[in-house]
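Right, one structure below, let's go through it.
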Amino acid sequence: MSPREFDVFCLTARGMTAHEVAAELHLGYKTVANYNTQIKNKLNVNTTADLANIAAVLGIIKH
């Protein structure tokens, strides 16, 4: 995962929407949506809840 993908992953896993992540990282909404798709493919998950669970297990976010 690239550093930018990791940034998007962390913010998404914390519950931010793609629009909120885009504003926070000064990216376009479509760019964030594409990152989310790439991240889910790389981690072999389908939902944002799955991303949050992985982040929690890895200690990136708290339960």
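Can you name the residue in the range 34-56 that is over 15 Å from Met1 (Cα atoms) and of a type outside the set (S, T, N, Q) and, of all such residues, is nearest to the chain's Cα centre (by Cα)? Before the answer, list the steps.
At the first step, the residues of the range 34-56 found to be over 15 Å from Met1 (Cα atoms) are 46-50, 52-53, 56.
Imposing the further condition that a residue be of a type outside the set (S, T, N, Q) reduces the set to 49-50, 52, 56.
Numbers: Ala49: 10, Asp50: 10, Ala52: 8, Ala56: 13 Å.
Within the range 34-56, the match that is nearest to the chain's Cα centre (by Cα) is Ala52.
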Of all the residues that make up the range 15-33, how many are under 19 Å from Pro3 (Cβ atoms) and among the acidic types (Asp, Glu)?
-> 1
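Does the range 1-33 hold any residues that are polar (S, T, N, Q) and under 23 Å from Leu58 (Cα atoms), and which are they? Break it down stepwise before answering.
First, pick out the residues of the range 1-33 that are polar (S, T, N, Q): 2, 12, 17, 31.
Across the range 1-33, the qualifying residues are Ser2, Thr12, Thr17.
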Give the range 1-36 a look and list any residue that's out of contact with any His (no Cβ under 9 Å at 6 or more places or on another chain), surrounded by fewer than 18 Cβ atoms within 10 Å (Cβ to Cβ) and aromatic (Phe, Trp, Tyr), or say none.
-> Phe6
Selection within the range 14-50 - among the aliphatic types (A, V, I, L, M) and either modelled with pLDDT under 95 or at positive phi (or both) | Ala49
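The values are calculated or read from the model by the stated rules, or taken from the named source; none is laboratory data. Predicted, not measured: the structure shown is a model, and the values here were computed from it. No Cβ is skipped: glycine too gets one built from the backbone with ideal geometry, and neighbour counts run over all protein chains shown.
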